[in-house]
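Any read-out appearing in this document is the output of simple, stated calculations on the displayed coordinates, not a laboratory observation. What you see is a predicted model; the values in this text were computed from it and never measured. Please note: Cβ atoms are built from the backbone with ideal geometry, for glycine as well, and neighbour counts cover all protein chains shown.
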Amino acid sequence: MCCYVETLCEKTTIMTRAGSPRITLARLPDIPLQVLVEHMSDPRVAEHMPLLKDAWNRDIAADFVAAKEACWHRDGLGHWAILADNRYLGWGGFQMEGGEWDFALVLKPDAFGLGARIARKALAFARADARISVVTFLLAPSRRNLRALERLGATFVAEVEYAGAPFLKYRMEMK
């Protein structure tokens, strides 16, 4: 069935379903930098990421991993690498932003169809974590299909600016 991350280091199964790939979480440093570079260099990924302005290389990927690891050390929670049957699908998780836990999920195009399943399990994790009473989502204005987010229970807050780029902010109560 399902279990959740209890340590920072081990790979943890977050969901299985008959006939579906075994989805696990791992630490981002466990992923080769070139895999991250290829993921974040895909134009289909960049299309909905207003902050993704520079072409990724190994140095940018290393800085990204270091920044996400710093969140783990600062807040005790952060972003994971998401794997299916040990194949890298993308990254996602929770990051403290302005006193609220923001959830991000950035999948490779061939994994886009798993986004709702992964998000539901991550939000179940958030509901079970006493630190998280609210989760926010910052989405690019280019995103058109927001019904899945609304079906999960998120409500639109406002258009906001983050790091100089416009985003649609959604919010979801966890308790």
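Values as computed for the structure displayed
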item: By average C-beta atoms within 10 angstrom, highest first, the peptides 65-76, 117-128; result: 117-128, 65-76
item: Base-10 log of normalised Debye intensity for the chain (one unit scatterer per alpha-carbon) at q = 0.08, 0.10, 0.14 Å⁻¹; result: -0.23, -0.36, -0.75
item: Under-5 Å amide H pairs with ARG27, H placed in peptide plane, nonlocal only; result: ALA81
item: Potential lengthening between ALA148 and ASP54 on full extension [0.36 nm per residue; Cα-Cα distance subtracted]; result: 30.9 nm
item: Phi-based couplings in Hz for region 96-105 (Karplus 6.51, -1.76, 1.60; Gly and Pro marked x); result: 6, 10, x, x, 10, 7, 9, 9, 10, 9
